[in-house]
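Visitor: The structure under discussion is supplied below as structure tokens; questions concerning it will follow.
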Amino acid sequence: MKRAALGLMTLAILALLPVSADATVLSGDQIKETLAGKRIYLQVPLRGEFPLYYRNDGRVSGDGTALGLGRVLAPRETGRWWIRDDQMCQQWPTWYRGRAFCFELTQLDPDNLRWLRDDGRSGIARIEH
């Protein structure tokens with residue numbers, strides 16, 4: 001219960017963060033150029049980061065072992081990602097019960113993205129160059 005409340009509070013705070021006037025919603029080609037072959041770190045509550053590696057071949061790997069996710073779900077998993085209608089979509093075999101989600105990505109600055117998932121959740125991610 002406390003985790004859910006903390007998660008909702010974090011999402012509410014992220015939704016209120018200002019988006020720079022220079023922020024750019026990325027096109028499908030820009031998304032592919034930004035993600036392919038890169039490691040992206042999703043910001044999580046309490047200043048942690050969750051690493052995702054977007055491979056050029058359409059696979060995405062996530063590893064939550066450093067965050068202790070092995071207690072509640074498979075700590076590592078490899079799924080797939082693709083571009084559809086200027087959004088990045090991804091699907092994991094077991095995470096999120098195998099449900100596919102699509103994301104609008106906004107480039108905030110050269111190192112950071114804001115993501116908006118098709119169910120309304122949003123957050124910030126750091127790009128490793």
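The values are calculated or read from the model by the stated rules, or taken from the named source; none is laboratory data. Keep in mind that this is a model prediction, so the values were computed, not measured. Note that each Cβ is placed from the backbone with ideal geometry, even for glycine, and that neighbours are counted across all protein chains shown.
Visitor: Could you grab me the full set of residues in segment 47-68 that are modelled with pLDDT of 95 or more and of a type in the set (S, T, N, Q)?
Guide: Across segment 47-68, the qualifying residues are 56, 61.
Visitor: Go through segment 21-59 and give me each residue that's within 14 Å of residue 79 (Cα to Cα) and either touching a helix residue (DSSP H, G or I) at 6+ places or on another chain (Cβ under 6 Å) or not small (Gly, Ala, Ser) (or both).
Guide: 51, 52, 53, 54, 55, 56, 57, 59
Visitor: When only residues in segment 103-114 that are surrounded by fewer than 19 Cβ atoms within 10 Å (Cβ to Cβ) and under 13 Å from the mean Cα position of the chain (by Cα) count, which is nearest to residue 52 (Cα to Cα)?
Guide: Among residues in segment 103-114 that are surrounded by fewer than 19 Cβ atoms within 10 Å (Cβ to Cβ) and under 13 Å from the mean Cα position of the chain (by Cα), the one nearest to residue 52 (Cα to Cα) is 112.
Visitor: Right, here's the next one. How many of the residues in segment 115-125 are crowded, with 16+ Cβ neighbours inside 10 Å and of a type in the set (D, E, K, R)?
Guide: 0
Visitor: Sort out which residues of segment 93-129 are hydrophobic (A, V, I, L, M, F, W, C), within 17 Å of residue 39 (Cβ to Cβ) and in contact with a Ser or Thr (Cβ under 8 Å, 6 or more places away or on another chain), and write them in order of number.
Guide: Selection gives 105, 113, 115, 127.
Visitor: Please name all residue pairs, on different chains or six or more residues apart, with Cβ atoms under 7 Å, provided the first residue is in segment 79-97 and is of a type in the set (Gly, Ala, Ser) and the second residue is in a strand (DSSP E or B).
Guide: That search, which allows pairs on different chains as well, returns 79/60; 79/90; 79/91.
Visitor: May I pose another question? Assess whether residue 83 counts as being crowded, with 16+ Cβ neighbours inside 10 Å, at pLDDT 95 or above and under 13 Å from the mean Cα position of the chain (by Cα).
Guide: Working: crowded, with 16+ Cβ neighbours inside 10 Å: yes; at pLDDT 95 or above: yes; under 13 Å from the mean Cα position of the chain (by Cα): no.
No, not satisfied.
Visitor: Run residue 25 past the list (1) modelled with pLDDT of 95 or more; (2) among the hydrophobic types (A, V, I, L, M, F, W, C); (3) out of contact with any strand residue (DSSP E or B) (no Cβ under 7 Å at 6 or more places or on another chain) and report the number of the one that doesn't hold.
Guide: (3)
Visitor: Taking residue 128, is it within 14 Å of the chain's Cα centre (by Cα) and surrounded by 17 or more Cβ atoms within 10 Å (Cβ to Cβ)?
Guide: When the stated conditions are applied, residue 128 does not pass them.
Visitor: Does residue 71 count as in contact with a strand residue (DSSP E or B) (Cβ under 9 Å, 6 or more places away or on another chain) and either modelled with pLDDT of 95 or more or not hydrophobic (A, V, I, L, M, F, W, C) (or both)? Steps first, answer last, please.
Guide: Details: in contact with a strand residue (DSSP E or B) (Cβ under 9 Å, 6 or more places away or on another chain): no; either modelled with pLDDT of 95 or more or not hydrophobic (A, V, I, L, M, F, W, C) (or both): yes.
Criteria not met by residue 71.
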